[in-house]
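A short worksheet on the structure shown next.
Derivation of every value follows stated rules applied to the coordinates shown; laboratory data play no part. Computed from a predicted structure; not experimentally measured. Neighbour counts run over all protein chains shown; Cβ positions are idealised from the backbone, glycine included.
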Amino acid sequence: MSESKNILWVDDEIELLRPHLILLEQRGFSVSTATNGEDAIELAQAKRFDLVFLDETMVGISGLETLAVLKDIDATVPVVMVTKNEQESLMEEAIGRKIDDYLLKPVNPSQILAACKKFLDSRRITEERFTQEFHQEYSTITRRLMDRMSWSEWLDVYIRLVQRSVELDTHPDVGLEQSLKDQWKECNAEFSKFIEHEYKSWLVDLKDRSGDTPLLSPHIIDQFVVPRLSNKRPTFFIVVDCMRLDQWLVMEEEIRSLFSVQKDYYCGILPTATPYARNSIFAGLFPTEINKHYPQFAIDERGKDEHTLNRNEKELLSLLLQRRRIKLANELQYIKIVDTDFGKRVEGDILRYARNELTAIVINAVDMIAHSRSDYPILKEIAPDESAYRSLTKSWFKHSSFLGILKTLATVPGAQIVITTDHGSVRCMRGAKVFGDRDTTTNLRYKIGKNVKADDRDALIIRDPEGWKIPASGVTTNVVISKEDKYFVYPTDYNQYLTRYRDSFQHGGISLEEMILPVITLESRV
């Protein structure tokens, strides 16, 4: 043990516990004793203890009364109540007063040592185990990067990286952040090569998929929503704009007691941007197919506000249902939540929507968090890194109408909930020069225009956009899509914009975080 831990043991028969006290001291603990609550409180005011063993029945103030005062002095110190009383009411009151554990008398040495290990050594033991597993997995992933991996292998690597990232949030002192950042960077470099070589071959209809080909954006509703409509139960299809897997995992912690959770995954289409990806999801078509079959809803960014490019999602979904010959018993419901007040109104009215066969909901808050972090310095200060970004997402979710909607739906018998996202985001740290005319699209992670140019080390250069299912306005139109954590900057005022957009969360390019996306199916536990 690197440093002695201080234990306070409070019992009016402390001399009978002398063998336990000697055992603790032999194990390196520093033990102070008190025979009543008043003395225990006085000791706790004078010195900080790491653990307290507290007798429930003592002369003078009771153990429960002493507990309340000890918690007022320092709520972080764990208190283990030692009692002869097995009454359920006592245990409930003790738990209500924030007791950390309890032991029934007579106690034996193994119980005492187990309690000490639980509260004093568990963090060290957990961190040692985490560090060992981290290094083993780090080596495994490094070896896998030396071989050519398939989609399913990349999916496995990504899930492991995300899980390690989320776990590392709870172990900030183990010193592995830089190692994980380096491995993320190495993996994204290799994943970009993988996408460059394989992606175009995946651009097929759902029925034509074969081998280790991932589901893509146009396949989601057919795969996860349409089969559920046949049972006539209320179905909710929720798209959370710009939600990454790590963000979902910290949100999932809040609803595990309400739902059984199934996670599947798909690959977002290029560009990983809302106008293309989300329209593709709701239409069940690739962007070029939307433009061909429904020119009135054509995707064309030139001279248009990005938000207007997704105003036809309900119509595209209705057309998809028509093509599948699905007739709903009542009207398709479509809701887009873009502000808090409207979200609260939807939350209050969600049981009415549960009377419908299909309700589609788009939630923009996560995307707004990503963009607002770039625009407002205070948000960058609140969320300076990936871990804090997840924490900010979790904080939003805990107080959001989204959580309120899910809690209410958990009470609806038979409700079916499918949650996904249109794309993720990546923290952009490296600028890359791009050249294009004034009509070139403005996104930082991709550019579409006439003779757009960038270094192929920084970007995927697409000279036949139609072959990649990306709408093109002419034969000279080409597309450049940034790789890894890079963002495009024009040579004019290069340093100014390089600094302005560095360390911002963006989407539209090629990275694990933007392209490997979760599809979550929730089934209520009621």
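Mean separation of Cα pairs under 8 Å and 6+ residues apart, divided by the residue count of the stretch 430-502: what relative contact order is that in percent?
Worked out over the stretch 430-502, it gives 39 percent.
Just to confirm the number: angle between the C-alpha axis of helix 177-198 and the first principal axis of the chain, 0 to 90 degrees, nearest 10?
Roughly 30 degrees, rounded to the nearest 10.
Can you tell me which of 360-370, 44-54 comes out highest on packing, and rank the rest after it, using the mean Cβ neighbours within 10 Å?
360-370, 44-54
Quick one: which of 492-502, 400-410, 436-446 comes out on top by average Cβ neighbours within 10 Å, and what's the full order, highest first?
Result, highest mean first: 400-410, 436-446, 492-502.
Could you work out [θ]222 nm for the chain from helices alone, using -39500 (n - 2.57) per DSSP H run of at least four and dividing by all its residues? Round to the nearest 500 deg cm²/dmol.
-12500 deg cm²/dmol
Give, to the nearest whole percent, the P(r) tail of the stretch 128-284 beyond 26 angstrom, counting all Cα pairs.
Of all Cα-Cα pairs in the stretch 128-284, 39 percent lie more than 26 Å apart.
Excluding residues fewer than 8 places away in the same chain, name every one of the aspartates and glutamates whose C-alpha is closer than 16 Å to that of LYS117.
GLU3, GLU25, ASP50, ASP100, ASP101, GLU127, GLU128
For TYR501 and THR411, calculate 0.36 nm times their separation in residues minus their Cα-Cα distance, and state this gained length in nm to one decimal.
Full extension from TYR501 to THR411 adds 28.0 nm.
Report the FRET efficiency, 1/(1 + (r/R0)^6), for ARG129 and ILE461, where r is their Cβ-Cβ distance and R0 is 35 Å, rounded to 0.05.
With R0 = 35 Å, the Cβ-Cβ based efficiency is 0.15.
Excluding residues on the same chain fewer than 8 positions from LYS232, give the lysines whose Cα lies under 26 Å from its Cα.
In chain and number order, the partners are LYS207, LYS263, LYS314, LYS327, LYS336, LYS407.
May I ask you to evaluate 6.51 cos²θ - 1.76 cosθ + 1.60, the Karplus curve with θ = phi - 60°, for each residue of the stretch 386-401 and list the ³J(HN,Hα) values in order in whole Hz, giving x for glycine and proline?
After applying 6.51 cos²θ - 1.76 cosθ + 1.60, I find 4, 4, 5, 5, 5, 4, 5, 4, 5, 4, 4, 4, 4, 10, 8, 5 Hz.
If you project the alpha carbons of the stretch 244-370 onto the principal axes, what extent comes out on each, in Å, largest first?
That gives 45, 37, 31 Å along the principal axes, largest extent first.
Principal axes first, then extents: for the Cα atoms of the stretch 126-199, list largest minus smallest coordinate on each axis, whole Å, largest first.
40, 16, 16
Mind listing the Cα extents of the chain along all three principal axes, in Å, largest one first?
92, 54, 43
How much space per residue, in cubic angstrom, does the convex hull of the C-alpha atoms of the stretch 1-69 take up?
Here the figure is 72 Å³ per residue.
Against the longest alpha carbon principal axis of the chain, how many degrees, from 0 to 90 and to the nearest 10, is the axis of helix 151-168 turned?
Approximately 40 degrees, to the nearest 10.
Hey, if you put +1 on the Cβ of every Lys and Arg and -1 on every Asp and Glu Cβ in the stretch 430-502, which of THR492, PRO471, ILE461 ends up farthest toward the positive end of that dipole?
THR492
Starting from the Cα of LYS84, step 7 Å toward the Cβ, then list every residue of the stretch 27-70 with an amide N under 11 Å from that point.
57-58
So, in nm, how far is label SER62 from label VAL261 when the simple model puts each one 7 Å beyond its Cα toward the Cβ?
3.9
Using a 10 Å cut-off on Cβ atoms, rank the peptides 205-217, 6-18 from the highest mean neighbour count down.
Packing proxy ranking, top to bottom: 6-18, 205-217.
So what's the angle, to the nearest 10 degrees on a 0 to 90 scale, between helix 313-323 and the longest Cα principal axis of the chain?
70
Return the long-range amide H neighbours of LEU54 (sequence gap of 5 or more, or a different chain), with a cut-off of under 5 Å between placed amide H atoms.
It is VAL10, VAL80, MET81, VAL82, by chain and number.
I need the phi-derived Karplus couplings for the stretch 290-301: 6.51 cos²θ - 1.76 cosθ + 1.60, θ = phi - 60°, integer Hz, Gly and Pro marked x.
My calculation for the stretch 290-301 gives 4, 4, 6, 8, 10, x, 5, 10, 4, 8, 8, 6 Hz in order.
Let me know the Rg and Dmax you get for the stretch 430-502 when you use only its Cα atoms, in Å.
Looking at the stretch 430-502, its Cα Rg and Dmax stand at 11.8, 36 Å.
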